[in-house]
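The numbers here are math on the coordinates, done by the rules we state, and not lab data. No experiment lies behind these values; they were computed from the predicted model shown. Every residue, glycine as well, gets a Cβ built from its backbone with ideal geometry; the counts of neighbours run over all protein chains shown.
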Amino acid sequence: MQIDVASVDHALMTTRAVRRRLDLERPVDQEILLECIDIAEQAPSGGNQGSRRWIIVQDQEIKDRIAEIYMESAGQWMIASYEKLEGTGHPQEKVMASAAHLAQHLSEVPAIVIPTIIGVHDGSGRPGLFDSVIQSTWSFCVALRARGREEDDRDERAEEDLAQQSLGQNLLEAVLRDEARDLRVPDVRLRVFL
């Protein structure tokens, strides 16, 4: 098979986290999400362990709860950080503007896709199991872009930071812990793909 190197290079060099210009009105086809998850699962994993799991959240009640947890855990800090940087021309000003925007509008996105890892971190600081979610998340983003979920001419782009990438696991744990027991919904509405 012939690979179009220029197209691959372009996708890898120009795909960024897009928060401020998300099309909140455009629905996301579940089949596209599943197809992109299948592609993302081809990414390398620590120790060749297939321990990633993906959660697709489209139910508004659950998205509202996730957005609330996100706002409490990181969103308020992002908004405050942006407010401090606004108008300063600081190199992180656009990144924080984008992050603050996401925190303020997370519940409005058509779907929240959360990559997770099954396992317990050993605290060693060595790469391994938990690092595997980063590669698969990147592959998921590139696959979505290839299917038209991100416009090529975005003039505002921000890089995702590691904390944002790992936030999915923290959100999932908070939603499923006892403190989120007020969010009782049938399992059908929160789909976990094994």
Largest-first principal axis extents, alpha carbons of segment 79-128, Å: 43, 31, 14
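Highest mean first, how do 94-101, 141-148 rank when packing is the count of other Cβ atoms within 10 Å averaged over residues? All intermediate terms of the calculation are to be shown ahead of the outcome.
Values: 94-101: 21.2, 141-148: 17.1.
Put in order of decreasing packing, that is 94-101, 141-148.
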